[in-house]
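Participant: Pasting a structure here, questions to come.
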Amino acid sequence: HIYKLFYIKNRWLDKVWVLISVSLAAQVGTFALGLFYFSQFPNYFLFTNLYAIPLAFVILYLAIALVICSPIPIMASVIGWVLNSTLTILNYLIKFTEALPYSTTSGISISTSQTLLIAAAILMLALFLHYRKPIYIISLLFSSILFFAEGAYSSIHRYRQSEVVIFGQRQATVIGFKHLDSFIL
């Protein structure tokens, strides 16, 4: 569906659009789980996937060729060297992209129920785009409202909790008390 949004006549620009479409589809599909498990969002995923997807494709075929050619030592050695070089290039490019400013948005913490609500919202959006039935948009909006309501409830609940924090130091133990906005050591 994403690829069909635009028709591009130029062959090379169309190949770039294919990569962008695949990247967007993969990001939408893994968005909720990425936030839940890693508490971050990769801001440059489109840029990264322009080189990561083709290189992963090459790496996959090189690995298959390596397994097939493993009985022939000289071929296996050459293919292994090319595979290793390709992996090194991919790792270098990913580290370079990761080092760019604002490469990720970190500290995004969502609950299990919020993860499920995001997944439900994405599913409802996909169903709406495919079937064009209003019930899916209504369900999408309902999922979104529940997501934000659960987030607000969790924030209020955390704000109202009191905590005792114990800090271990070399010479002494420091105990801190947190209640609402105040923190006492």
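The values are calculated or read from the model by the stated rules, or taken from the named source; none is laboratory data. Remember, predicted model here, so these are calculated numbers, not experimental data. Backbone-built Cβ (ideal geometry, glycine too); neighbour counts: all protein chains shown. Heads up: the accessible areas ignore ligands, DNA and RNA and are worked out on the full protein's heavy atoms, side chains in. Shrake-Rupley method; radii C 1.70, N 1.55, O 1.52, S 1.80 Å.
Participant: List every residue pair whose Cβ atoms lie under 7 Å apart, where the two residues are 6 or more positions apart in sequence or sit on different chains, the first residue falls within segment 4-19 and is free of Cβ contacts under 8 Å to residues at least 40 places away in the same chain, and the second residue, located anywhere, is open to solvent by less than 60 Å² (accessible area, probe 1.4 Å) and not hydrophobic (A, V, I, L, M, F, W, C).
Facilitator: From residues that are free of Cβ contacts under 8 Å to residues at least 40 places away in the same chain, the pairs are Ile8/Asp14; Leu19/Asn49.
To keep it simple, each residue is scored yes or no on (1) touching a residue at least 24 places away in the same chain (Cβ under 8 Å); (2) of a type in the set (S, T, N, Q).
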{"residue": "Leu50", "(1), (2)": "yes, no"}
{"residue": "Val67", "(1), (2)": "no, no"}
{"residue": "Leu83", "(1), (2)": "yes, no"}
{"residue": "Asn91", "(1), (2)": "no, yes"}
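Participant: Looking at (1) modelled with pLDDT of 95 or more; (2) within 26 Å of the chain's Cα centre (by Cα), which is the one condition that is false for Ser109?
Facilitator: Every condition holds for Ser109 apart from (1).
Participant: Within segment 57-110, which residues are within 28 Å of Gly34 (Cα to Cα), out of contact with any Leu (no Cβ under 9 Å at 6 or more places or on another chain), open to solvent by 50 Å² or more (accessible area, probe 1.4 Å) and of a type in the set (Ser, Thr, Tyr)?
Facilitator: Passing the criteria: Tyr61, Thr88, Tyr92, Tyr102, Thr104, Thr105, Ser106.
Participant: Then there is this: Determine whether segment 114-128 contains at least one residue that is surrounded by fewer than 14 Cβ atoms within 10 Å (Cβ to Cβ) and modelled with pLDDT of 80 or more. I'd like the intermediate steps shown before the answer.
Facilitator: Just the residues of segment 114-128 that are surrounded by fewer than 14 Cβ atoms within 10 Å (Cβ to Cβ), to begin with: none.
For segment 114-128, residues surrounded by fewer than 14 Cβ atoms within 10 Å (Cβ to Cβ) and modelled with pLDDT of 80 or more: absent.
Participant: Among the residues of segment 18-34, is there at least one that is hydrophobic (A, V, I, L, M, F, W, C), over 30 Å from Ser109 (Cα atoms) and more than 16 Å from the chain's Cα centre (by Cα)? I'd like the intermediate steps shown before the answer.
Facilitator: Taking segment 18-34 first, the residues hydrophobic (A, V, I, L, M, F, W, C) are 18-20, 22, 24-26, 28, 31-33.
Of the ones still in play, those that are also over 30 Å from Ser109 (Cα atoms) are 18.
Pick out the ones that are also more than 16 Å from the chain's Cα centre (by Cα) and you get 18.
Scanning segment 18-34, I find at least one residue that is hydrophobic (A, V, I, L, M, F, W, C), over 30 Å from Ser109 (Cα atoms) and more than 16 Å from the chain's Cα centre (by Cα), so the answer is yes.
Participant: Need the failing condition index for Met124 against (1) within 26 Å of Leu50 (Cβ to Cβ); (2) among the aliphatic types (A, V, I, L, M); (3) in a helix (DSSP H, G or I), just the number.
Facilitator: Status for Met124: all satisfied but (1).
Participant: Assuming Gln40 fulfils every condition listed in (1) within 24 Å of Ala120 (Cα to Cα); (2) open to solvent by less than 70 Å² (accessible area, probe 1.4 Å); (3) in contact with a Ser or Thr (Cβ under 6 Å, 6 or more places away or on another chain); (4) not small (Gly, Ala, Ser) apart from one, which condition is it?
Facilitator: (2)
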